[in-house]
Amino acid sequence: MAFRTLLAKKALGIVPRHGAVELGLRPGPGLCQLRSLQTFSLPDLPYDYGALEPAISGEIMGIHHQKHHQAYITNYNKAQEQLAEAMAKGDTSKVVGLQGAIKFNGGGHVNHSIFWKNLAPTNEGGGEPPKGALGWAIDTDFGSLEALIQKMNVEGASLQGSGWVWLALDKELKKVKIETTANQDPLVTKGLHLVPLLGIDVWEHAYYLQYKNVRPDYLKNIWNVINWKYASEVYEKQSA
């Protein structure tokens, strides 16, 4: 259980420390004493809520960012505080019971932090095809960008319930591949060798106000604002 918590904190960008300090705890004589925990706050978006229209409405973006993402952060911070208290008291049952909330809400923060970077207004390069190394990798592993998009749309549309569809770099196989995760599971839960290049949110809150229950239309239009430049930068850095 400690591994999952440490993994979640690493994925959220906390510099690793050793032992109980990693969880915001300080070893004492016979017990762990609470230290101040690092909390997380809602990241600013590099574009206005309405900048992705007509692909994604400003209303959806505002609610998605201010309400849904904020809720994941608030609940993650709360769960981390409760975890630190439970560990300080040696309450193993409470520690175990908190893991679900940590994974779900921490994953929600991780996933949405990636999602915002995966989008860009059309006048800032959104929708422009990937160039360079990532473009070549997509052609090699999928045949063409169009084939990749079609396959990701099929995977996203057929995903039961809520979740995410990802374009990932598999560092072990040295290829790009498509993965899906349920609910708010981050890609790291499928293996540390998978690097998220592009993640598309297929929870209903990401599209329902605009596309109703027609998820395929949302998936078709979101490619008009995909930030391939960012995905390419991650690919080149991680595949070096």
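Read-outs: derived from the displayed coordinates by stated rules, not from any lab. All figures in this text were calculated on a predicted structure; none of them were measured in a lab. Positions of Cβ are backbone-derived with ideal geometry, glycine not excepted, and every protein chain shown enters the neighbour counts.
Counting just the residues of segment 185-201 that are out of contact with any strand residue (DSSP E or B) (no Cβ under 6 Å at 6 or more places or on another chain) and of a type in the set (A, V, I, L, M), which one comes out farthest from N224 (Cα to Cα)?
So the residue we want is L192.
Name the single residue that is surrounded by the most Cβ atoms within 10 Å (Cβ to Cβ) among those in segment 196-240 being farther than 24 Å from G132 by Cα and of a type in the set (D, E).
It comes out as D201.
Take segment 88-122 and flag every residue that is surrounded by fewer than 16 Cβ atoms within 10 Å (Cβ to Cβ) and without any contact (Cβ under 8 Å) to a residue 40 or more places away in the chain.
First, the residues of segment 88-122 that are surrounded by fewer than 16 Cβ atoms within 10 Å (Cβ to Cβ): 89-94, 96-97, 100, 122.
Within segment 88-122, K89, D91, T92, S93, K94, G97, G100 meet the criteria.
Looking at S158, S162 in this structure, which one is without any contact (Cβ under 8 Å) to a residue 12 or more places away in the chain and closer than 27 Å to F104 by Cβ? Even if it seems obvious, please write down each step before you answer.
On the way: S162 fails: without any contact (Cβ under 8 Å) to a residue 12 or more places away in the chain.
Within the list S158, S162, the selection yields S158.
Take segment 165-184 and flag every residue that is touching a Phe, Trp or Tyr at 6+ places or on another chain (Cβ under 8 Å) and either surrounded by fewer than 14 Cβ atoms within 10 Å (Cβ to Cβ) or under 28 Å from S57 (Cβ atoms) (or both).
If the condition is that a residue be touching a Phe, Trp or Tyr at 6+ places or on another chain (Cβ under 8 Å) and either surrounded by fewer than 14 Cβ atoms within 10 Å (Cβ to Cβ) or under 28 Å from S57 (Cβ atoms) (or both), then I178, E179, T180, T181, N183, Q184 are the ones that fit.
Among what's in segment 60-69 and is surrounded by fewer than 18 Cβ atoms within 10 Å (Cβ to Cβ) and in contact (Cβ under 8 Å) with a residue 60 or more places away in the chain, pick the residue that is nearest to P186 (Cα to Cα).
Restricting to residues being surrounded by fewer than 18 Cβ atoms within 10 Å (Cβ to Cβ) and in contact (Cβ under 8 Å) with a residue 60 or more places away in the chain, the top hit is H68.
In segment 70-87, which residue that is buried (at least 21 other Cβ atoms within 10 Å of the Cβ) and within 30 Å of I226 (Cα to Cα) is farthest from the chain's Cα centre (by Cα)?
Looking at the filtered set, the residue picked out is Y76.
Please state which one of V176, V188 is assigned to a helix (DSSP H, G or I) and of a type in the set (V, I, T).
Matching residue, one of V176, V188: V188.
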